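Notes follow the structure.
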Amino acid sequence: MPSLQVLKGPNEGAIIPIEQERSVLGRNHDCAIVIPITSVSREHAEILRINGKYYIVDRQSRNGTFVNNQAINQRTLLKNNDRIRICDFIAAFLDDMPEVTTTYESEEADDPEDEGPSTVEATLNHTSHLLLETQPAEKLRLLIEITNNLSKTLELQTLLPKIADSLFHLFKQADRCFIIQAEGEKGDKLMPRVVKTRRPFDEGNARFSRSIVRRTLEEAKAFLSDDASRDDRIQLSQSVVDFRIRSVMCAPLCKADGRAFGVIQLDTQDRAKKFSQEDLKLLCGVANQAAISLENARMLDETVRQERIQRDLQLAKQVQMSFLPKAPPRVEGYEFWGHYEPAREVGGDYYGYLQLLDGRVVCAVGDVAGKGVSASLIMAKLSSDIRFCTLAESEPHRAIARLNDSLCEFTGPMDRFVTLCAVVLDPKTHQATIVSGGHGSPLLYKSKTGEIVEAMPSSVAGMPLGMIDGIDFESYSLVLEPGESLILFTDGVNESMNIKGEEFTMEGVQRIIKSCKSNSPKEIVEKLVAAVKQHAAGRDPHDDLTVVVMSRLS
């Protein structure tokens, strides 16, 4: 039966079955799931069962309903382990309500004088607090104290040692306490978060039994042994021998889906001190509460980390945008217009203008291989180096060769490269000199006839920049007639994909250009960008998007 597991809020840790076709969550006492928090609406949301599936709907509440931290404004399908947040109440949706199961395995010794190890294995879910009625009043008081402490803070670095101290009060026979988390991509690194011993000077040398911890993690079952040194279920380890581990119990710290991400292990070094089955149940109760708090703390840390990364990316975006032209150049008889839009917060496309001292104007468009932060760093270097190289070399092909050499040292170790197309326009002679470093040819649009051709022969396109230093580049020149435009763009335009995986294509680019009523650079850029976005609607951007147009007025 589907259920909600309360992760935060009143009755934390409880499992609430969803039995009705319509279950209302809210502050009213007659709601199926009552949330006694003043910021919660009287009937805040409802869970609906439709054709065997479960959906959640917000009932126009004041503070909204969130699923996996996303506000919902329509009926939303619930999947296993989805997090539902209503104000300060957080619950996990579970496909099936877990059952309380306890499995006992015992081995009787043949010799009554040399009693062999009796063993207990158990799996207790978050409803294990129902078993606490059998615990002594003092143990129950300490468990409530631990639970209260866990619910009041997410600063577990200071709280976890206090839990260990409380466990020593709960279990007088315990000599050592370990709280351990499994980390790494495969969870194969065991990191002790707390190491406590009754004698503080022993803590520096204390070691836990990895075989017992790994068994508990893999099976997500609690483990109990009267004498670990004689237990056939585990491989006898050096830590068991060196530290004379006798009775030991280990309880898993489990996520809502039942997977273990850590353990609490207690052991004794005195043969006369043994843990009982009731001790194991009590430790599982503590572990369940600790697991909830650890998961809440992890989610908070992850949220804070993501917010920090987002702030850094926003700042990086502002810095990157500052590299781009603030306004197009003013050249008599010509107009320029450009557009840049990264696929992510930052990108690897580049465009820029540079007016030379002799009156010529450089217009360049570049595309760094890859996307994201690494590409944006190369783009930053490109924007500064191209300015230096074009000012230092009067001939366009020599300037690009020098730019290539400056990039090689930087991009080579990262196995990256840059494609670039630069056009040097002389407004006095109307001659446009084009140099390409592995970039596609600009399009030449003749608005008077509607003809569109590639402005540069494919044989002139050189190698991408930043791959091999010391190579030469060729240039190609043409004269721009009145009413003609050069259109430069990156492959994020023609290769933009729709939800079916179909590209916008060069034919699509030419179709949009021909639909323009004039050779106005602004009109061409805006129509082309709008068409690409409409084509790609419904899916994340495939690549960075850059278009630059220079036009000779009619």
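The values are calculated or read from the model by the stated rules, or taken from the named source; none is laboratory data. Please read these numbers as outputs of a predicted model, since none were measured by experiment. When we count neighbours, we look across all protein chains shown, and the Cβ atoms used for this are built from the backbone with ideal geometry, even at glycine. The accessibility values were calculated without ligands, DNA or RNA, using every heavy atom of the protein model including side chains. Shrake-Rupley method; radii C 1.70, N 1.55, O 1.52, S 1.80 Å.
Tell me yes or no: at least one residue of the stretch 349-368 is among the hydroxyl-bearing types (Ser, Thr, Tyr), touching a residue at least 12 places away in the same chain (Cβ under 8 Å) and within 21 Å of residue 314 (Cα to Cα). Looking through the stretch 349-368, at least one residue is among the hydroxyl-bearing types (Ser, Thr, Tyr), touching a residue at least 12 places away in the same chain (Cβ under 8 Å) and within 21 Å of residue 314 (Cα to Cα).
Residue selection: residue 271 fails the criterion of being within 18 Å of the chain's Cα centre (by Cα) and surrounded by fewer than 16 Cβ atoms within 10 Å (Cβ to Cβ). For the stretch 288-314, the set of residues classified as of a type in the set (Ser, Thr, Tyr) and surrounded by 22 or more Cβ atoms within 10 Å (Cβ to Cβ) consists of 293 only. So for the stretch 90-106 (the condition being modelled with pLDDT of 90 or more, farther than 30 Å from residue 225 by Cβ and part of a loop (DSSP other than H, G, I, E, B)), does at least one residue qualify? Scanning the stretch 90-106, I find no residue that is modelled with pLDDT of 90 or more, farther than 30 Å from residue 225 by Cβ and part of a loop (DSSP other than H, G, I, E, B), so the answer is no.
Just one of (1) under 21 Å from residue 351 (Cβ atoms); (2) crowded, with 16+ Cβ neighbours inside 10 Å fails for residue 454. It is (2). Report whether or not residue 487 is within 41 Å of the chain's Cα centre (by Cα) and not in a strand (DSSP E or B). Against the criterion (within 41 Å of the chain's Cα centre (by Cα) and not in a strand (DSSP E or B)), residue 487 does not qualify. For the stretch 294-312, does any single residue satisfy the condition of being touching a Phe, Trp or Tyr at 6+ places or on another chain (Cβ under 8 Å), within 30 Å of residue 194 (Cβ to Cβ) and of a type outside the set (Asp, Glu)? Yes; the residues of the stretch 294-312 include at least one that is touching a Phe, Trp or Tyr at 6+ places or on another chain (Cβ under 8 Å), within 30 Å of residue 194 (Cβ to Cβ) and of a type outside the set (Asp, Glu). Are any of the residues in the stretch 55-62 open to solvent by less than 50 Å² (accessible area, probe 1.4 Å), more than 18 Å from residue 95 (Cβ to Cβ), in contact (Cβ under 8 Å) with a residue 12 or more places away in the chain and of a type in the set (Ser, Thr, Tyr)? Yes, that holds for at least one residue. For the stretch 400-421, indicate whether the set of residues that are touching a Phe, Trp or Tyr at 6+ places or on another chain (Cβ under 9 Å) and free of Cβ contacts under 8 Å to residues at least 40 places away in the same chain is non-empty. Yes, the stretch 400-421 contains at least one residue that is touching a Phe, Trp or Tyr at 6+ places or on another chain (Cβ under 9 Å) and free of Cβ contacts under 8 Å to residues at least 40 places away in the same chain.
Note on the stretch 162-180: among residues that are outside any loop (DSSP other than H, G, I, E, B) and out of contact with any helix residue (DSSP H, G or I) (no Cβ under 9 Å at 6 or more places or on another chain), the one that is least open to solvent (accessible area, probe 1.4 Å) is 164.
The residue list 525, 493 contains one member that is more than 27 Å from residue 428 (Cα to Cα) and in a helix (DSSP H, G or I), which is 493. Scanning the stretch 487-520 for residues that are of a type in the set (A, V, I, L, M, F, W, C) and farther than 20 Å from residue 341 by Cα returns a single hit, 516.
Scanning for something touching a strand residue (DSSP E or B) at 6+ places or on another chain (Cβ under 6 Å) and within 22 Å of residue 418 (Cβ to Cβ), does the stretch 494-513 turn up at least one residue? Yes, because at least one residue in the stretch 494-513 is touching a strand residue (DSSP E or B) at 6+ places or on another chain (Cβ under 6 Å) and within 22 Å of residue 418 (Cβ to Cβ). When you check residue 214 against the structure, is it at pLDDT below 85 and either over 15 Å from residue 283 (Cα atoms) or of a type in the set (A, V, I, L, M) (or both), yes or no? No: the conditions fail for residue 214. None of 348, 285, 333 is surrounded by fewer than 17 Cβ atoms within 10 Å (Cβ to Cβ) and among the small types (Gly, Ala, Ser) except 333. Here the stretch 336-388 is the region considered, the condition is being over 27 Å from the mean Cα position of the chain (by Cα) and part of a helix (DSSP H, G or I), and the residue that is farthest from residue 429 (Cα to Cα) is 381. Can you confirm whether residue 277 is without any contact (Cβ under 8 Å) to a residue 12 or more places away in the chain and either within 30 Å of residue 184 (Cα to Cα) or not charged (D, E, K, R) (or both)? Judged against the criteria, residue 277 is not a match.
Could you look through the stretch 405-437, keep only residues that are part of a helix (DSSP H, G or I) and among the hydroxyl-bearing types (Ser, Thr, Tyr), and pick out the one that is modelled with the highest pLDDT? Filtering first and then ranking leaves 406.
Residue by residue, here is whether (1) within 30 Å of residue 508 (Cβ to Cβ); (2) among the polar types (S, T, N, Q) holds:
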site	(1), (2)
397	no, no
402	no, no
405	no, no
411	no, yes
429	no, yes
434	yes, no
439	yes, no
445	yes, no
471	no, no
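Per-residue answers, yes or no, for (1) within 24 Å of residue 144 (Cβ to Cβ); (2) outside any strand (DSSP E or B); (3) in contact (Cβ under 8 Å) with a residue 60 or more places away in the chain; (4) not charged (D, E, K, R):
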{"site": "7", "(1), (2), (3), (4)": "yes, no, yes, yes"}
{"site": "11", "(1), (2), (3), (4)": "yes, yes, no, yes"}
{"site": "16", "(1), (2), (3), (4)": "yes, no, yes, yes"}
{"site": "20", "(1), (2), (3), (4)": "no, yes, no, yes"}
{"site": "30", "(1), (2), (3), (4)": "no, yes, no, no"}
{"site": "36", "(1), (2), (3), (4)": "yes, yes, no, yes"}
{"site": "39", "(1), (2), (3), (4)": "no, yes, no, yes"}
{"site": "48", "(1), (2), (3), (4)": "no, no, no, yes"}
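All of (1) modelled with pLDDT of 85 or more; (2) within 16 Å of residue 215 (Cα to Cα); (3) surrounded by fewer than 24 Cβ atoms within 10 Å (Cβ to Cβ) hold for residue 237 with one exception: (1).
Within the stretch 438-484, the residues that satisfy the criterion of being assigned to a strand (DSSP E or B) and among the charged types (D, E, K, R) are 446, 451, 454, 484.
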